[in-house]
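Report on one structure; see the data block that follows.
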Amino acid sequence: AGKSTLLGLIAGRLQPTAGTVDAHPRLRIGHYHQHYELPPELAATEHLMAAHSLTEFEVRRALGSFGLESIAHKVPIGALSGGQKARVVFADLWLLRPHVLLLDEPTNHLDIESVDALIEAVNDYGGGVVCVTHDAALIERTGCELWVCADGGCVSHEAGFEDYREGVLAAIEAEAAAAA
């Protein structure tokens, strides 16, 4: 609970009820929100051209590099599939050139090949990445540190994802045995 809220606080989209969130004034944060909002009436090219003051050629190249087929570049965003919309958001983030990426359930709506491409991109990315995910492949195949949040706190699980998974399964089995 609160993982998306934490990312919203870091991104500056939410204000804390107590304390402060301080960031360098020139820090560029790219936030992939699991419930991203795109203007449904605009085409992807129109949206990105307006957001980044770029030419149609530049945004079409970005969209193509994220796997959005060229025919979908001019379709209203509201008519795109979830996976196509995700590609528009990833292109938007790439054009921002962020220092830090906040990824909130980034594999939602992605096919297996796109998840593989995302994993490769995260591994190659030179900035900071904070990722909230339930996708085992993303956790296991990136060099990300696993944090487990429960009972009002978060701790680093340094033994790795497989150890964490085995611990969860053992706890479920123990609960089932105790209930039987």
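Odds and ends about this structure:
- Neighbour net charge for residue 123 - beta-carbon separation under 14 angstrom, K R +1, D E -1: -4
- Local electrostatic count at residue 35 - Lys and Arg +1, Asp and Glu -1, tallied over other residues with Cβ under 10 Å: -3
- Stokes-Einstein D (µm²/s) once Rh is taken as the Kirkwood radius of segment 107-180 over alpha-carbon pairs, at 37 °C in 0.692 mPa s: 231 µm²/s
- Directionally averaged shadow of segment 1-114, computed from the convex hull of its alpha-carbon atoms, nm²: 8.1 nm²
- Counting only heavy atoms of the protein chains and using a 1.4 Å probe, residue 77 has close to 0 Å² of accessible surface.
- Coupling constants for segment 139-151 follow from the phi torsions by the Karplus curve (6.51 cos²θ - 1.76 cosθ + 1.60, θ = phi - 60°), and in residue order they are 5, 5, 9, 9, x, 6, 7, 8, 10, 10, 10, 7, 6 Hz; glycine and proline get x.
- Sorted peptide list for 167-180, 43-56, criterion being average Cβ within 10 angstrom, highest first: 43-56, 167-180
- Counting only cysteine Cβ atoms and a cutoff under 4.7 Å, the chain contains unmatched residues 131, 144.
- Value at 222 nm in deg cm²/dmol, rounded to 500, when DSSP H runs of n ≥ 4 in the chain each add -39,500 (n - 2.57): -14000 deg cm²/dmol
- Rounded to the nearest 10 degrees, the angle from helix 161-179 to the longest Cα principal axis of the chain is 50 degrees.
- For the chain, DSSP calls about 35 percent of its internal beta bridges antiparallel.
- For residue 131, the residues whose modelled amide H falls within less than 5 Å of its own, excluding neighbours fewer than 5 places apart on the same chain, are 103.
The values are calculated or read from the model by the stated rules, or taken from the named source; none is laboratory data. All values reported here derive from a predicted model rather than from experimental measurement. FYI the Cβ positions are ideal-geometry reconstructions off the backbone, even for glycines, and counts take in every protein chain you see. Please note that ligands, DNA and RNA were not included when accessible areas were found on the heavy atoms of the full protein model with its side chains. Shrake-Rupley method; radii C 1.70, N 1.55, O 1.52, S 1.80 Å.
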